[in-house]
1. Using the Cα atoms of the range B:148-307 to build a convex hull, what is its mean projected area in square nanometres?
2. Once you have all Cα-Cα distances for the range B:126-213, histogram them in 10 Å bins from zero and send the whole-percent values.
3. Specify the angular offset, from 0 to 90 degrees and rounded to the nearest 10, of the alpha carbon long axis of helix B:154-176 from the longest principal axis of the alpha carbons in chain B.
4. At 7 Å along the Cα-to-beta-carbon direction for both residue A:404 and residue B:93, put a label point, then send me their distance in nm to one decimal.
5. Tabulate in residue order the Karplus-calculated ³J(HN,Hα) for the range A:278-290, using 6.51 cos²θ - 1.76 cosθ + 1.60 with θ = phi - 60°, rounded to whole Hz; enter x for Gly and Pro.
6. Specify the residue with the greatest mean-square fluctuation among B:159, B:105, B:239, computed from a Gaussian network of chain B linking alpha-carbon atoms under 10 Å apart.
7. Taking H placed 1.01 Å from N in the peptide plane, check which residues at least 5 places from residue B:136 or on another chain put their amide H under 5 Å from its amide H.
8. Roughly what % antiparallel, to the nearest 5, for the DSSP beta bridges in the protein assembly as shown?
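Derivation of every value follows stated rules applied to the coordinates shown; laboratory data play no part. Quick caveat, the model's predicted, so the values are computed rather than measured. Cβ coordinates were reconstructed from backbone atoms using ideal geometry, including for glycine residues, and neighbour counts include every protein chain displayed.
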Amino acid sequence: MTDIATRAPVGAQVRRSAMIEAGKEAAATALIVFLLSFFMVGFKTEANQGQPLGYVTQFVDVAWACVLVSVGRFAIALDRHGVSKPALIGGLLSFIYLAGIGVIGVAEQDPDSAAATGFYNVLGINVPMPFEQPMVNVIFGFGGLTMFGIAYRRLRVARHGALTVEVREATEERRAQWARRMSGTLGPILIVLAICVPIFMPISPWSNATRQVVDSLVLVLTYVMLGWGLNIVVGLAGLLDLGYVAFYAVGAYTYGLISTSFGLNFWECMPLAGALAATFGLLLGFPVLRLRGDYLAIVTLGFGEMIRLILINWKDFTHGPDGITNIPKIDFFGVFTMERHAPEGHVTFAEFFGMDYSPTQRVYFLYYVILVLALITNFVTIRLRKLPIGRAWEALREDETACRALGINPTNTKLTAFAMGAMFAGFAGSFFATRQGFISPESFVFLESAQILAIVVLGGMGSQVGVALAAILLVGLPEVMRELALYRMLIYGIAMVLIMIWRPRGLLAHREPTILLRRRTGNGAGK
Amino acid sequence: MEYFLQQLINGLTLGAVYGLIAIGYTMVYGIIGMVNFAHGDVYMIGAFQAMIMLLICGVIGISWVPLQLALMLIAAVVLTAAYGWAVERIAYRPLRGSSRLAPLISAIGMSILLENYVQLLQGPRPKPVEPVIRGGFTLMGGGGTDTFNVQLGYLQIIIVLLTVLLMAAFAYLIAKSPLGRSQRACEQDMKMASLLGVNVDRTISLTFVMGAALAAVAGMMVTLYWGVNDFFMGFVAGIKAFTAAVLGGIGSLPGAMLGGVLIGLIEAFWSGYFSAEYKDVAAFAILVMVLIFRPTGLLGRPEIEKV
């Protein structure tokens, strides 16, 4: 914060030394970027069929990366020395130039015709761009936005004075209250919106792609449910589980195998799937729950991978990498099925209600099934938080040693949390199986676990509404950005890192116990 | 007996590679107490850098094998070390001092980022690499086609020798150099070390740089040994190396090496005598077993928790 003090007498001397400092920093950055990109970007290896490995050089991209990043670094360093105009203006301009046009292009153009050259002709002008790949320009444009953000924050700090601990704590308190209020009001609104989707659909701009959109919503809701299930383990009980997808897989395979070999329907299998997944949770949890933090995370990760490898290799039982096909589709408790043509002795939904058959009916049915399942998960979690067991989870998360001293059995408490989370994953897994009609080990890779965990952490561990919002953001956005399929996971990774840096405690962070001793009111000296 | 010896040789070679990667995990865990999830991907990047250097050698006409190896080593180590530095600077340093979970999530994000970055830049298909060093000794079996021949490849000798050399140099560095001293100081008490004039940020950065450099050497050796690189190779290797680090006792350097060799041997014998398909399951099962029965690992110190 000393630079703010030196800001007042900005003389030519100060400015010159700032320039020199910033120049040094920019040079160092250029060197690092060069080292990072020289081989990885500069030489694109290609292995054509039957030919030895060769490469194509792309040194122009390397040069651009070095120039752009070090110019950005220069502006940020200048800003740190009190000269903030270059960072503010340059950041905003480069964001608009690089990302803005790219975003318009993505929105307006058909992905197939969005070739590198035609991409920027949206506005009727041919603008030269540093990189050939449009998305790379957009990513660098967001770098400009970061620059702007840093400079803007510094300006605000300079105007309002630096953050003292008290101010920061007050801000955090305000944010937590805001988060709590948001959860209170936003939750019911979201639920009502979710129920009314079929009403909005025909009048929404996506009315001609209803099936795809509702299908995406089904996917989002599946992740909301998984997020809420994992939230019990991570958010409430404070156990880091990196192998959650294993229980999801157990649920999916239970339904897939039982329904194909014994002919039970979805509603008979789902409880079995949940029970089996919960049993797996207990089996895994029993030995490992004595471990703490990172160790537990790694063991659960190892367990998740073991389940996947067993699914791949135990070919007689699981059909190996080919997976299980022809899994029966969902029906309504045996009353009617959702197919176009019902098997013998059954009626279809359309016949039952005397309507014409339409493929959207099935999607809507799936949508409501997963909505109800997710809401049940939510309801159970909220109720459990008020029961002794839920209180014990939260207490355990806050302080394990104190819990032990108060007579809570940590192992049993953790086991119930683990089993409960696993059970919901099992339900979601069987839903996944019936929705897809096909499952294979491919669907249960570590990335899925990471994604569910990211939803929980981003949602602000323990906040139900936060988890739902995070699921919409992390699963829904990639669905919207289908055009960028290639860059989806890259952006996903960047977003995970940036969100952690920006808000390490999640979007709606209120990781606070549900009840507290009434101590806070008397504590705040005159408040 | 011949079969046993062959698996022993293969296992030791594999173990050397795992050990080198495991050192990166164990050092980082020792100093800032986090699992650097992206370390396996740093190793993958090291393998790619070495592969590209080899291709460049082929194009500009350097065919003398020792020079090729030296260039690959230098390129992989220098360029990958930059990645180690950048990963720490971007994803972990801003999060120092926050909760335990935040750096882990950030590390997972970094791992996803690096994998997709390489996939986008270098393409998703596996890259075959022409073998540089062929041949070896036939130790037993007489070289005939009807008997089982125990092969000891020149490359395997190089891998093990290089690993031993690097380990010795590294142990010396940690024990005697000022850098090693400040590193051990940071490991014990970061705040105290910084009060006594140790540049903590620089020490942590250098830890990441060294871990990445060793992982790059491992990547280079794997490029030569197996001859196939793809963008996803870092994930499983990373988990196994982490298993090795935990098995040896996380935070302990000799432990990491010992754990690496043990994991390599277990994997080789498991796939030699039981089934190659379940070799990864075996590695994970061992990880679980070790954590349950001896959470501090073979050579680790017990973690004392203060209330």
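1. In nm², the orientation-averaged hull projection of the range B:148-307 is 12.1.
2. That works out to 14, 27, 20, 16, 14, 7, 2, in percent per bin.
3. Result, in degrees: 20.
4. Between residue A:404 and residue B:93, the label points sit 3.8 nm apart.
5. Per residue, the Karplus-derived 3J(HN,Hα) values read 5, 4, 4, x, 5, 4, 6, x, 3, x, 9, 6, 6 Hz.
6. B:105
7. Amide H neighbours of residue B:136: B:154.
8. Details: 13 of 14 bridges.
Within the protein assembly as shown, antiparallel bridges account for around 95 percent of the total.
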